[in-house]
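Asks: First the structure, which I've put down as structure tokens, then a few questions once you've had a look.
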Amino acid sequence: MDLNTLRQFLVVARLEHLSRAAEELRVAQPSLSRTIARLEGELGTPLFDRAGRLRLNDTGRLFLGYVERSLGELDAGRRAVAEAAGGGFGSVRLASETLLTFTGPLAAYRKAHPDIEVELYQLAAAEMARRLTAQDVDLCVSSYPIRAEGLESVRLLDEAVWLAAPLDHPLADRASVTVEQIADQPFVSAHRGHWGRRLLDRLFAARDLAPRIVCEADEASAIAEMIIAGLGVGLVPDLARRSAADAPVAWIAVDDPECRRVLSLYWGAGSHLSTAARLMRATLVEWEWSGTA
């Protein structure tokens, strides 16, 4: 069981498709199939179900967690040695649902540490949990709780979420609205799984309602443009509202204490954080999030 075999297993487990995995790994599919078969033979049990489409089975998912953690530790060790040998700060890998949130602290970080390499990833919360466990990323910022063992976190921001509406909308002159008052409105929202969509669905479900979604987009700028164009209304966190203070939309408070976003920073409790990652963590924790974005 060598490292190359384990890395190939990771790709097959992620894609659950031999030909696509072989293409990504740039190896012949029969060779990759034999590699997986040898690994299963060494372990004494199948890792995939092969009835129809290739599927990772329960044993495979169990083994996957150990492989991700083991290779993550090895990669972390390599990075730690490179940092010590080079006498530098290393690099930092930061993931979030949206990168627009970090323009302020990232600019401050780059100004203070211009020689540090920063890698940014846009990921869903579920993917963040996997990548943190595997130590593929150093830090994650999420608007939704990341469910995984061995993680530490700190709250960065607890903010109100507003209803954004076109200026000519019938509700545009209202200071606040209830969920019932917007129950029949067309909504521009993110796809399912995004924190904004989860919040919208949760607010409506609490009243046995379902939102009417007329447009789905995961880019905040696209959602804003669709609202400005008059396609519907949408939920926007206060940080984004302050960043778009000049946007031609009406900002309306939602009369529900649950209509809020909590932004938290996560990292692996037992993982080695490079100096660069620790400096990024300090920058994010100490940033004045309640001030001007």
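Asks: With the condition kept exactly as written, say whether any residue in region 144-156 is under 21 Å from Ser290 (Cβ atoms), charged (D, E, K, R) and surrounded by fewer than 19 Cβ atoms within 10 Å (Cβ to Cβ). I'd like the intermediate steps shown before the answer.
Replies: We begin by selecting, within region 144-156, every residue under 21 Å from Ser290 (Cβ atoms); these are 144, 153-156.
Filter once more, keeping what is charged (D, E, K, R): 155.
Filter once more, so that each one left must be surrounded by fewer than 19 Cβ atoms within 10 Å (Cβ to Cβ): 155.
Checking region 144-156: at least one residue is under 21 Å from Ser290 (Cβ atoms), charged (D, E, K, R) and surrounded by fewer than 19 Cβ atoms within 10 Å (Cβ to Cβ).
Asks: Out of all the residues in region 135-150, which are closer than 16 Å to Leu106 by Cα and touching a Lys or Arg at 6+ places or on another chain (Cβ under 9 Å)?
Replies: Asp138, Leu139, Cys140
Asks: Would you mind listing the strands (runs of 3 or more DSSP E) fully within region 71-183 where at least 1 residues are under 29 Å from Asp256 (Cβ atoms), of a type in the set (Ser, Thr, Tyr) and in contact with a strand residue (DSSP E or B) (Cβ under 9 Å, 6 or more places away or on another chain)? Give the derivation first.
Replies: Details: elements: 91-96, 117-122, 139-142, 151-166.
Once the strands (runs of 3 or more DSSP E) in region 71-183 are filtered for at least 1 residues that are under 29 Å from Asp256 (Cβ atoms), of a type in the set (Ser, Thr, Tyr) and in contact with a strand residue (DSSP E or B) (Cβ under 9 Å, 6 or more places away or on another chain), what remains is 91-96, 139-142, 151-166.
Asks: Is it the case that Arg20 is at pLDDT 90 or above, of a type outside the set (Phe, Trp, Tyr), loosely packed, with under 13 Cβ neighbours inside 10 Å and closer than 26 Å to Asp75 by Cα?
Replies: Taking the combined requirement at face value, the residue does not satisfy it.
Asks: To continue, here is another question. Would it be correct to say that Asp256 is farther than 28 Å from Arg131 by Cβ, in contact with a Leu (Cβ under 7 Å, 6 or more places away or on another chain), surrounded by fewer than 20 Cβ atoms within 10 Å (Cβ to Cβ) and charged (D, E, K, R)? Working first, answer last.
Replies: Values: farther than 28 Å from Arg131 by Cβ: yes; in contact with a Leu (Cβ under 7 Å, 6 or more places away or on another chain): yes; surrounded by fewer than 20 Cβ atoms within 10 Å (Cβ to Cβ): yes; charged (D, E, K, R): yes.
The answer is yes for Asp256.
Asks: Okay, moving on. Could you list, ordered by first residue, the pairs with Cβ atoms under 8 Å in which the first is in region 57-79 and within 12 Å of Thr133 (Cα to Cα) and touching a residue at least 12 places away in the same chain (Cβ under 8 Å) and the second is part of a helix (DSSP H, G or I) and of a type in the set (Ser, Thr, Tyr), at least 6 apart or interchain?
Replies: Sorted first by the residue in region 57-79, then by its partner, the pairs are Gly65/Thr133; Glu68/Thr133; Arg69/Thr133; Gly72/Thr133.
The values are calculated or read from the model by the stated rules, or taken from the named source; none is laboratory data. These numbers were taken from a predicted model, which means no experiment stands behind them. Positions of Cβ are generated from backbone atoms using ideal geometry, with glycine treated the same way; all protein chains shown enter the neighbour counts.
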